[in-house]
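This report refers to the structure that appears directly beneath it.
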Amino acid sequence: MNDLLSKKCIPCSIGAIPLNQEEIYDYSKNLKDGWQVIEGKYIEKTYKFKDFIEALNFTNKIGELAEKEGHHPDIYLSWGKVALKLWTHKIKGLHENDFILAAKIDNID
Ligand SMILES: C[C@H](O)[C@H](O)[C@H]1CNC2=NC(N)=NC(=O)C2=N1
């Protein structure tokens, strides 16, 4: 479950089974503070910045990372704030990919 940072997101097939509550709990223990598990279906976190341009710069870095990983967050960008919602659309639930991406987003400098 740990060393999420050393893993890479994999193409997720439609038949993949979403993570169960126990697996979600185990993965979420390896994330930095601030992530919340919502209804066992997605994880979310809000990052605060001093202004819009800082929030936009962070959003762009997330975009580059998501493209590199082939896995993408839902992003809400506003003045001084970036709110993320991570889930795997193809399986309508959570996958290891979501936790890998979350860990790597928290590692963006
Ligand atoms: C074809 C492409 O790789 C897939 O559609 C990927 C793209 N990024 C994705 N991101 C997320 N969060 N969920 C997906 O199911 C997903 N599928």
Open item on the list: Below 8 Å between Cα atoms, with a sequence gap of 6+, how large is the relative contact order for the range 18-106 in percent?
Closed with: 35
Open item on the list: Suppose every Lys and Arg Cβ carries +1 and every Asp and Glu Cβ carries -1, with no other charges. What dipole size does the chain come out with about its Cα centre, to the nearest 20 debye?
Closed with: 180
- [ ] Subtract the Cα-Cα distance of Asp74 and Lys61 from 0.36 nm times their separation in residues, and report this length gain in nm to one decimal.
- [x] 3.3 nm
Open item on the list: Could you check the spin-label model distance between Ile17 and Leu5? Points 7 Å from the Cα along Cα→Cβ, value in nm.
Closed with: 3.1
Task: Calculated FRET value between Lys48 and Lys92, using beta carbons and R₀ = 35 Å, to 0.05 - done: 0.75
- [ ] Might you work out the accessible area of Tyr25 for me, using a 1.4 Å probe with all protein chains in place, and round it to the nearest 10 Å²?
- [x] 140
Task: In the range 46-109, lysine pairs closer than 17 Å at Cα, eight or more apart or cross-chain - done: 10
- [ ] Mind checking which of Asn57, Cys9, His71 is farthest towards the positive end of the chain's charge dipole, using Cβ charges of +1 (Lys, Arg) and -1 (Asp, Glu) about the Cα centre?
- [x] Asn57
Open item on the list: Which one, Lys41, Lys29, Lys50, has the greatest fluctuation when you compute a Gaussian network model over the chain with C-alpha springs under 10 angstrom?
Closed with: Lys50
Open item on the list: Loop only by DSSP, 15 or fewer other Cβ within 10 Å of the Cβ. Give me the GluC sites (Glu not before Pro) in the range 2-109 that pass, ordered by residue number.
Closed with: Glu39
TODO: Stick to the Cα atoms of the chain, pair each with every other, and give me the Kirkwood hydrodynamic radius in Å at one decimal.
DONE: 14.0
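The values are calculated or read from the model by the stated rules, or taken from the named source; none is laboratory data. The shown structure was predicted, so the numbers you read here are calculated from the model rather than taken from an experiment. Using ideal geometry, Cβ is built from the backbone for each residue, glycine included, and neighbour counts are taken over all protein chains shown. Only protein heavy atoms, including side chains, enter the accessible area calculation; ligands, DNA and RNA are left aside. Shrake-Rupley method; radii C 1.70, N 1.55, O 1.52, S 1.80 Å.
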